1. To the nearest 20 Debye, how big is the dipole of the stretch 15-170 about its Cα centre, given +1 on the beta carbon of each Lys and Arg and -1 on that of each Asp and Glu?
2. Report the local net charge at L56: Lys and Arg +1, Asp and Glu -1, summed over other residues whose C-beta lies under 12 Å from its C-beta.
3. Under the 0.36 nm per residue contour assumption, what length would be gained going from the current alpha-carbon distance of T110 and D188 to full extension?
4. Taking all protein chains in place and a 1.4 Å probe, what share, in percent, of the accessible surface of the stretch 172-318 do carbon and sulfur account for?
5. Simple spin-label model, 7 Å along Cα-to-Cβ: K123 to D219 in nm?
6. Points 7 angstrom from Cα along the Cβ direction at V55 and M272: gap in nanometres?
7. Enumerate by residue number the trypsin sites (Lys or Arg not before Pro) in the stretch 81-168 meeting two conditions: DSSP loop (anything except H, G, I, E, B), and at most 12 other Cβ atoms within 10 Å of the site's Cβ.
8. Compute the relative contact order of the stretch 15-170 as a whole-number percentage, counting only Cα pairs closer than 8 Å that sit 6 or more residues apart in sequence.
Amino acid sequence: MAQISKSSLPNIAQIQSHPVETEVKCAADKFYGWFKNNMTDLTKIQPHIYKSVEVLEGDGKSVGTVRLWKYVIPGLSPDDVLVAKETIKAMDDKKRSITFSVMEGDLLKTYKSFDATVTVTPKEGVKDECLVRWCMDCEKENEEIIIPIPDAYLDLVALMSCELGPLLPNIAQIQSHPVETEVKCSADKFYGWFKNNMTDDLIKIQPHIVKSVEVLEGDGKSVGSVRLWKYVVPGVSLDDVLVAKETIKAIDDEKRSITLSLIEGDLLNTYMSFDATVTVTPKEGVKDECLVRWCLDCEKENEEVPVPDAYLDMCSGCIFL
């Protein structure tokens, strides 16, 4: 078999991996959970590094999300603000691993591509400590080009991880709670109804749950609309009518996804914030069925705040059109 020499591949881009691992004083699940769900809060916790972040696409924490960061590198001029537009490329909750991929920005003036993967593992024998491993995969055009190792960025993520870990036990945590239901209705029909008719029809279809709804701002179906709901939770006293004032935070017709965000109401007596995202996907191989996935994102002050099981049950009982 013929061998391929390095000299025969002068024009093939080269990817080099550069790892760094840090011991962090924080449980692995807590560090990973915060990093997955709250990473955009880095601008509040480490403003000396992260100057601003803007979510351009998605919910800011799921695969496909696109964010625009402005930041500085410690040790360089604090006036030299850099820019990175990145996307969440991959996520593996089982391995506690997330991969970010740079799409635009200062890094791509040096590298053809730049990915960063963070993986969090428990520290063996130590309850509230973990190992945070970053791996930066940098692609250069060819072997003839000398590209520097991204030492400043390796130092940056190591510093960020070490500073962040001890703070997390005292920082409010956003936890995601998903539930998925099979619905005997096509995905487009269910999503179209939910987007355009939910305000008017839900009180008629489920009067045992929804007692009233009032559109306070907007048209009741577009981003920015504000609605006031009065409802009961199945399994709880039927005389206990609850109130929720919510806004439509985001709509993605391509993904058939809508995010609702609570502004006022009974739920905020328990949680610091409460968002609900519904995503509808066709059921593979079945024409008139779909999968309706709800994800409830709850910000809580401590671990003693309960999981919103009653609301997950209520969402999973979505109507079948």
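1. On the way: 19 positive and 26 negative charges, 111 e Å.
Charge dipole of the stretch 15-170: 540 debye, to the nearest 20.
2. Details: positive: R67, K85; negative: E54, E57, D59, E86, E104.
Within the 12 Å Cβ shell, the charges total -3.
3. Working: separation 78, 0.36 × 78 = 28.08 nm, distance 4.38 nm.
Length gained, T110 through D188: 23.7 nm.
4. On the way: 3790 of 7650 Å².
Heavy-atom surface of the stretch 172-318 belonging to carbon and sulfur, 1.4 Å probe: 50 percent.
5. 5.6 nm
6. My value for the distance between the label points is 1.6 nm.
7. Values: sites: K85, K89, K94, K95, R96, K109, K112, K123, K127, R133, K140; in loops: K94, K95, R96, K112, K123, K127.
For trypsin sites (Lys or Arg not before Pro) across the stretch 81-168 that sit outside H, G, I, E and B with at most 12 neighbouring Cβ atoms in 10 Å, the list reads K94, K95, K127.
8. Values: 308 pairs, mean separation 45.8, N = 156.
It rounds to 29 percent for the stretch 15-170.
The values are calculated or read from the model by the stated rules, or taken from the named source; none is laboratory data. Worth saying up front: this structure is predicted, and the values here are computed from it rather than measured. When we count neighbours, we look across all protein chains shown, and the Cβ atoms used for this are built from the backbone with ideal geometry, even at glycine. The area values use the complete protein model at the heavy-atom level, side chains included, leaving out ligands, DNA and RNA. Shrake-Rupley method; radii C 1.70, N 1.55, O 1.52, S 1.80 Å.
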